[in-house]
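Here is the structure we will look at.
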């Protein structure tokens, strides 16, 4: 993160958490339901690890490691803390505890940080200095941490936002290397990794990538042969264990910002695809070590965004998600949703005032709204919990769900509507809740903490405007053993069929294959074998499936690890289409489409049709044909003739405000073409 504020270092500490009494009250009668939420425990997603809930710490934060702060972070369930702090990492020298050109607060050295991490009960995530440091300096840090001090610090990243070193124009990240290309960064990642692992082979080393849809994704710099991600991965994938990304999606206002979590699935999927292209079968994981908002940073929009983003990323298998920052300082003061917003990236108040003293933050370490959202998210997604598919039919209400090892299902509901309450109908698949009251934890706009109550049942919940609720549902019957989950399946797909295969779990099993479907999984088939072929699929469609085993007593296993696959386009089609992104600038690009007539007869007049895969992709302009767009559908029409075996090329400008997922299915005069 490139924004920072020097913190006041001599401010009185105050008690920061409100004590909220348990209130076993029943909700008043509500209006008819207007939102449907489905939760399906047969559709499993990722399992929550022991580093899931993270935050950033910085050497310029005078409260780093203090008992007040470590207590608050521990209470919120923080499992990982990152040091020495964003862009400071590329000017910070650990041995001298200096950051030339920046401010370092007293009592924020590495040992103090580690003491704070241990008091919090959190793993450290340490950023080695790439910008002004060396591989030897990083190796010496590993030696001091893990050999001299025995800290067993496992996770180390090489630099921070190093694509911001000026190579693509913008320069906020320090970089003393004469060559600022991703190629040079990759070469140094290899050197750093080798030097650091020579000291401690057990550590995990991460390289900096950019989040799909986040600048400079898609841009090819001067002298490069590919984007930052492709250049780094093609050269350094064998030397790393994880990739580290940041995400500041922006938005013109709070309403737009709160739509951005809907981009997570596509962005993470694109990033996984990029990694797998170069990983050669290695398990390279993803960390998200910075995220925040531009509007409502320390009021309810920031809180709602935090809960939605942490849950969405963890469900997709990101192993840790970190908020920027624990403290950051006063920014531009405004009013958001009836509350004073101090423009502060911090979870906790820095207790400082504007230069003229007219506006002051609450006392030091007072939790802001995102802290309470972090607390609720940590309560929701606990280590060992398994995310399961949940879906809402209203874009203003998000739903996430986990199944705990004791069979309890927890559902997190987020109302992003600033004006209106919504009555939610909850529908469960593969799960029956026990009768009687259910536990509810609620965080509302302007509240000083989480309130707790009970609700009459599992079927309906009222969500006030700008409110999040966590409901916990005990199963009607305690889990009584049963088969273990099948291993992750593999898939072989054509344009219309998919064969799903998995290892047998035990003899006498029947297996069920479910396709995830927005919280209401679709049973694709049952078999006593270890493969299932599904037909009549749509070309170019992405599907996610789980396999479950059922024993002779009728007991159903947990779902397998999900597998996502895409069907292709038909071979031997009457046409072939090649789609290329020929020039990208981060929120738009020039696209080229080559169309070939693969028949032995001319095509006199033609219409090519395709659809944008996402709602945030649009057509700007086009040439060499007539271009029209209707929603996500694009039509390219020409009166010209495509000779037998002949080709033509058309071009366009496309705009996007999220991960730029390429279209894959094209039809020519109604015939689906082969995509090359």
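The values are calculated or read from the model by the stated rules, or taken from the named source; none is laboratory data. Please read these numbers as outputs of a predicted model, since none were measured by experiment. Virtual Cβ from ideal backbone geometry, glycine too; neighbours counted across all protein chains shown.
Key figures for this structure:
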item	result
Residue check, residue 205 assigned to a helix (DSSP H, G or I) and in contact with a helix residue (DSSP H, G or I) (Cβ under 6 Å, 6 or more places away or on another chain)	no
Yes/no for residue 350 being buried (at least 24 other Cβ atoms within 10 Å of the Cβ) and either under 30 Å from residue 266 (Cα atoms) or out of contact with any helix residue (DSSP H, G or I) (no Cβ under 8 Å at 6 or more places or on another chain) (or both)	yes
Which numbered condition residue 224 misses (of (1) surrounded by fewer than 22 Cβ atoms within 10 Å (Cβ to Cβ); (2) in a helix (DSSP H, G or I))	(2)
Checklist (1) farther than 24 Å from residue 633 by Cβ; (2) at pLDDT 95 or above; (3) over 28 Å from the mean Cα position of the chain (by Cα) applied to residue 563, failing item	(3)
In the range 490-510, the residues that are over 31 Å from the mean Cα position of the chain (by Cα) and touching a residue at least 12 places away in the same chain (Cβ under 8 Å)	504, 505, 506, 508, 509, 510
Condition met for residue 599 (over 21 Å from residue 493 (Cβ atoms), part of a loop (DSSP other than H, G, I, E, B) and under 33 Å from the mean Cα position of the chain (by Cα))	no
Any hit, the range 470-490, residues being touching a helix residue (DSSP H, G or I) at 6+ places or on another chain (Cβ under 7 Å) and either within 27 Å of residue 427 (Cα to Cα) or at pLDDT 95 or above (or both)	yes
Among residues of the range 39-73, those that are more than 24 Å from residue 352 (Cα to Cα) and outside any loop (DSSP other than H, G, I, E, B), counted	11
Filtered residues of the range 562-594 (kept if more than 25 Å from residue 497 (Cα to Cα) and outside any loop (DSSP other than H, G, I, E, B))	580, 581, 582, 583, 584, 588, 589, 590, 591, 592, 593, 594
Boolean, residue 399 is crowded, with 24+ Cβ neighbours inside 10 Å, touching a strand residue (DSSP E or B) at 6+ places or on another chain (Cβ under 6 Å), outside the structural domain of residue 261 (by TED's automatic domain parsing) and assigned to a loop (DSSP other than H, G, I, E, B)	no
Any chance residue 178 is assigned to a helix (DSSP H, G or I) and either surrounded by fewer than 24 Cβ atoms within 10 Å (Cβ to Cβ) or not assigned by TED's automatic domain parsing to the domain that holds residue 288 (or both)	no
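A quick yes/no check of all residues on (1) more than 23 Å from residue 265 (Cβ to Cβ); (2) at pLDDT 95 or above; (3) buried (at least 19 other Cβ atoms within 10 Å of the Cβ); (4) outside the structural domain of residue 248 (by TED's automatic domain parsing):
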{"residue": "338", "(1), (2), (3), (4)": "yes, yes, no, no"}
{"residue": "341", "(1), (2), (3), (4)": "yes, yes, yes, no"}
{"residue": "365", "(1), (2), (3), (4)": "yes, yes, yes, no"}
{"residue": "424", "(1), (2), (3), (4)": "no, yes, yes, yes"}
{"residue": "437", "(1), (2), (3), (4)": "yes, no, no, yes"}
